[in-house]
Each structure stands twice: as structure tokens, then as C-alpha cells.
Amino acid sequence: MDSNFFIIAAIGIISGILGGLLGLGGAIVIIPALAIFLGYSQQLAQGTALIMMVLPVGALAAYQYYQKGFVDVKAALILGAFFFIGGYFGGKFATQIPELAMKRIFALILVGIAVKMWFFSKT
């Protein structure tokens with residue numbers, strides 16, 4: 001068994017719990033965890049998280065939300081279709097950017113989201 005199996009499994013279960021609980025996933029939990037705990041490059045962590053998401057990893061969590069009426073199916077289908085297209089171009093672009101620049105862009109986006117949610121929430 002791979003020596004990193006348990007670390008990868010822990011990242012998977014923790015991100016799955018957070019995904020189901022808060023809607024978090026690949027970008028916010030898995031990518032930093034792979035980089036921090038396993039030393040993955042930014043691109044390797046992003047590519048690994050994207051391949052993981054190709055599988056129906058969120059299906060069971062999404063079903064729980066759907067059962068309670070917390071899913072806009074039409075919006076999800078539109079988002080999915082355009083995510084598919086955008087993902088192609090984003091992946092093509094991301095593989096051309098130096099790793100340090102990718103880490104900084106990623107961190108800046110996460111900080112921006114955190115500041116917006118913390119200080120400028122509408123509720």
C-alpha cells in the first residue's frame with residue numbers, strides 16, 4: 001500500500017464531510033491539503049482534484065440537498081455546461097503559468113472570498 005494512502009484518505013474524508021456540510025471541496029480543501037501535506041506542486045494538486053471531481057463524488061451529498069429542496073436543477077445544469085467549457089480553457093491556461101504565480105493567484109482568490117464573506121455578508 002502506498003505510504004501516502006492514509007494521508008490521501010484523510011484528506012478525502014475531511015473534504016467530503018466539509019463538502020457535504022458547507023459545500024466546500026476541491027479548491028478550498030483538497031488543493032491546499034495536497035500541497036501542504038504531500039508537497040504537491042500547485043498544478044499537480046489542481047489536476048488531481050479535477051480528476052477526482054470527474055467521478056460523481058458529490059452525488060450523495062447533492063442528493064441530500066435535493067431531497068430537502070435545496071437544489072436549483074436548471075441553474076446546476078447551466079453551471080455544469082459552462083464549467084465544462086471554462087474548465088478546458090482554464091486548464092489549458094493554468095498549465096502554462098509558473099507554479100509560484102499559480103500559488104499566489106490561488107491564495108489571493110481564497111483571501112478575497114474570505115474577506116467578502118466575513119465583512120460584506122448580506123445576512
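Quick rundown of the values:
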{"quantity": "Residues located in the stretch 14-40, provided they are of a type in the set (V, I, T) and modelled with pLDDT under 90", "calculated": "I14, I17, I28, V29, I30, I31"}
{"quantity": "Selected residue (criterion: nearest to G112 (Cα to Cα)) from residues of the stretch 9-53 that are among the β-branched types (V, I, T) and crowded, with 16+ Cβ neighbours inside 10 Å", "calculated": "I28"}
{"quantity": "Conditions (1) surrounded by 10 or more Cβ atoms within 10 Å (Cβ to Cβ); (2) closer than 21 Å to I11 by Cβ: number failed by P56", "calculated": "(1)"}
{"quantity": "Residues being under 15 Å from L44 (Cβ atoms), exposed (fewer than 11 other Cβ atoms within 10 Å of the Cβ) and among the β-branched types (V, I, T) - total across the stretch 94-123", "calculated": "0"}
{"quantity": "So A76, is it part of a helix (DSSP H, G or I), aliphatic (A, V, I, L, M) and modelled with pLDDT under 90", "calculated": "yes"}
{"quantity": "Single residue of the stretch 1-29 satisfying the filter (part of a loop (DSSP other than H, G, I, E, B) and under 12 Å from the mean Cα position of the chain (by Cα)) that is farthest from L110 (Cα to Cα)", "calculated": "G23"}
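The values are calculated or read from the model by the stated rules, or taken from the named source; none is laboratory data. For clarity, every value in this text was computed on a predicted model and none was experimentally measured. For neighbour counting, all protein chains shown are included, and Cβ atoms are generated from backbone atoms with ideal geometry for every residue, glycine included.
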